[in-house]
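Below you'll find the structure, written out as C-alpha cells, and then a few comments.
Every number here is computed from the coordinates shown, using simple stated rules; none is lab data. Bear in mind the structure is a predicted one, so any value in this text is a computation, not a measurement. Glycine gets a Cβ as well: all are built from the backbone with ideal geometry, and neighbour counts include every protein chain shown.
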Amino acid sequence: MFKTDEDRTAETARLNDLARTDPHRVNATWHTTKGVADLMEGGQDRRRELQEAIAGFSAFDPGDNPYGERDFGALTLWGQRLCWKSTTSRRRGKSFLPRNGASS
C-alpha cells in the first residue's frame, strides 16, 4: 500500500490529525475511561471542552511521538493531567479514508 515507511508514517499522522480535529470526516470513534467520563459529568460543555483541547493539541515531542504519527498526547484540563491515544484500525482490509473523497 505504501512505497516507503515515510509514506506510511505521513498518512498515519494525517489520519490521526483528522481523527482529532474532524472525527466525523474519517468516521473516528472516541472512547473515554470511566475517570474521564466522570470528569465530563458537567454536561455537553465539558465534552466540547475536551474535544476542543484534543483537537487543538500540537505539543508533540520526540518522547511522546517517537515515530512521528501524532498518536499520543498529554494535556492538563480541569486541574487534571489527561492522556489521549489515537489508534487506527482497518476492518476486513478496507482502509478508512476521508468521507466524500476529500483530502487535506
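At-a-glance table
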| quantity | calculated |
| --- | --- |
| At most 15 other Cβ within 10 Å, DSSP loop - GluC sites (Glu not before Pro), region 1-53 | none |
| Within region 1-82, trypsin sites (Lys or Arg not before Pro) in DSSP loop having at most 12 other beta-carbon neighbours inside 10 Å | K3 |
| Relative exposure of V26, V36, judged by other C-beta atoms within 10 Å (fewest first) | V36, V26 |
| Ranked M40, M1, criterion: other C-beta atoms within 10 Å, fewest first | M1, M40 |
| Quarter of the Cα convex hull surface for region 5-95, i.e. its orientation-mean projected area (nm²) | 6.7 |
| Inter-probe distance in nm under a simple model that places probes 7 Å from Cα toward Cβ, at A59 and K3 | 3.8 |
